[in-house]
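Student: Let me give you the structure first, and then I'll get to my questions.
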Amino acid sequence: MKSLVLCCVIVNCFVLGLCDVPQCFKLKFGEISCNQSVDVNTVIKTVPAQNECLSMAKGLEVFAKVGKMIGNKFEQLYNEEKQKVADAKMIAKKFFQLYNEEKQKIEILNNQISDITKEMNTCNDFRKITTMRESSVVVQKDYSTPQLKKCGVGMQDINKIKDNQITGSSMTDLKHRPQYGRLFETRGIKAWSTQPGPGYRATIDKWSTFGLKNQWITVDLKKDTKIIGVVTAGRPPHVYNGLTDLHNQWVSTFTMEYKTDKNKYIIPFLDRTGKLEVFQGNTDMTTPVVNIFRFPITARWFTIRPIDYNNWISMQFDLLVC
C-alpha cells in the first residue's frame, strides 16, 4: 500500500510537472522530502518494490519529453501560420491601397468625362442657338416709370447691384464712369460716356467722329438670372452753374451678348438670318426704350455694345425681369 502511494506521488509529480526524477518531488512522503534531492536507489531501498514505479516514472518522463517536442512542433507550426496570416493581412492591405488608388483614378476620369460631356452639351446648345436663326427681339414696348422701377433687375438700386458689378471698356473721366450707366442714375453726369478718340481736342466741332469703336458695358448679376428684355436711355440734361447743359447724347443702335455661370462661351443675340441682332435704341436724351426678347434669357453676364450714337456714346440701361 505504501509502495502504491509513493508510486502515485511520483507519477503525479511528473503528470503535474512538479519534479523530475531523481530530483525533488516537491512533496513530502515519510522521511523522503520533496524539497531535497533524492537518489533513486534510496527510494528503492526505503520503499520495497519501487522498480515498477520508477519505470513508470521514467516512462512518463519520456512521454513528457515527447509531448514537449510535439508542443514545440505545434508552436513552430502555429508561429508559421501566424506569420502567413500576417503576410496575408499585409498583402490584403496593399491590395486595398491599390484598389483605393484605382478607385480615385476612376473618379477623376468620370469627372473628366462629365466635364467633356458638359462642354459637348454647351457646344450643342451654342450650335442650336446659332442655327436657330430666330429674331431675339419681339417688340419694342412702352413701360411707365413705375413699371421700369418695379421690373428692373436691380441696376437702379446700388444696394442690389454694386458698382463693382458694372464694368465698361472706357470712360471720359470719373464723372462718366460705367457705374453711372444705371437707369435713372443721379451721380456724375447721370450716364456712362466713353473716352474721346484721337483728335478730339483739335477738332472739337466734329467730336462725334472720334468716338472709339468696340465700346461695351457689362453687368455681372452674380448668378444666372432670367431676363426678358432690356431698357436703355440717353444722357439726361445736366444742370451746371444754374444752366441746363443739353449734350444731346444717346445710343441709337446696339448689339447684345450674354454668358451663363457655367458656360465659357459668350453667346450673341442673333436675328432671323443668323447675323447679330441690332437693337433699336434711343432717339432722344430722356425717353426710355424697351426691347423685349423673343424668349427669356437666363444668364449671369449681359453686355451691350453700342453701334450708332448721337454726338457721343452715352447711355443708361437696365435689364427687365417682368
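Student: I'm trying to understand the selection: among the residues of the stretch 229-247, which are surrounded by fewer than 19 Cβ atoms within 10 Å (Cβ to Cβ) and out of contact with any Asp or Glu (no Cβ under 8 Å at 6 or more places or on another chain)?
Tutor: First, pick out the residues of the stretch 229-247 that are surrounded by fewer than 19 Cβ atoms within 10 Å (Cβ to Cβ): 237-247.
Matches in the stretch 229-247: Tyr240, Asn241, Gly242, Leu243, Thr244, Asp245, Leu246, His247.
Student: Of a type in the set (S, T, N, Q) and open to solvent by less than 70 Å² (accessible area, probe 1.4 Å): is that true of Thr253 in this structure?
Tutor: For Thr253, the condition - of a type in the set (S, T, N, Q) and open to solvent by less than 70 Å² (accessible area, probe 1.4 Å) - is met.
Student: From (1) at pLDDT below 80; (2) open to solvent by less than 80 Å² (accessible area, probe 1.4 Å), pick out the condition that doesn't hold for Lys118.
Tutor: The failed condition is (2).
Student: Among the residues of the stretch 276-283, is any in a strand (DSSP E or B) and free of Cβ contacts under 8 Å to residues at least 40 places away in the same chain?
Tutor: Scanning the stretch 276-283 turns up at least one residue that is in a strand (DSSP E or B) and free of Cβ contacts under 8 Å to residues at least 40 places away in the same chain.
Student: Give just the number: which of (1) closer than 27 Å to Ile158 by Cβ; (2) in a loop (DSSP other than H, G, I, E, B) does Val251 not satisfy?
Tutor: Of the numbered conditions (1) closer than 27 Å to Ile158 by Cβ; (2) in a loop (DSSP other than H, G, I, E, B), the odd one out for Val251 is (2).
Student: Follow-up question, since we're still on this one. Starting from the stretch 240-255, take each residue that is aliphatic (A, V, I, L, M) and list its partners that are part of a loop (DSSP other than H, G, I, E, B) and modelled with pLDDT of 85 or more, counting only C-beta distances under 9 angstrom and pairs at least six apart or across chains.
Tutor: Close Cβ pairs (under 9 Å, with a partner that is part of a loop (DSSP other than H, G, I, E, B) and modelled with pLDDT of 85 or more) amount to Leu246/Pro237; Leu246/Met285; Val251/Gly234; Val251/Gly281; Val251/Asn282; Val251/Ile313.
Student: Right, here's the next one. Would you please list the contacts, defined by Cβ atoms under 8 Å and residues six or more apart or on different chains, that run from a residue in the stretch 218-233 that is under 18 Å from Ile158 (Cβ atoms) to a residue that is acidic (Asp, Glu) and assigned to a strand (DSSP E or B)?
Tutor: Correct list of pairs: Val231/Asp318.
The values are calculated or read from the model by the stated rules, or taken from the named source; none is laboratory data. Owing to the predicted nature of the structure, the values given are computational and were not obtained by experimental measurement. All Cβ positions, even for glycine, are placed from backbone atoms using ideal geometry, and neighbour counts span all protein chains on display. Side chains are part of the model used for accessible areas, which takes the heavy atoms of the whole protein and leaves out ligands, DNA and RNA. Shrake-Rupley method; radii C 1.70, N 1.55, O 1.52, S 1.80 Å.
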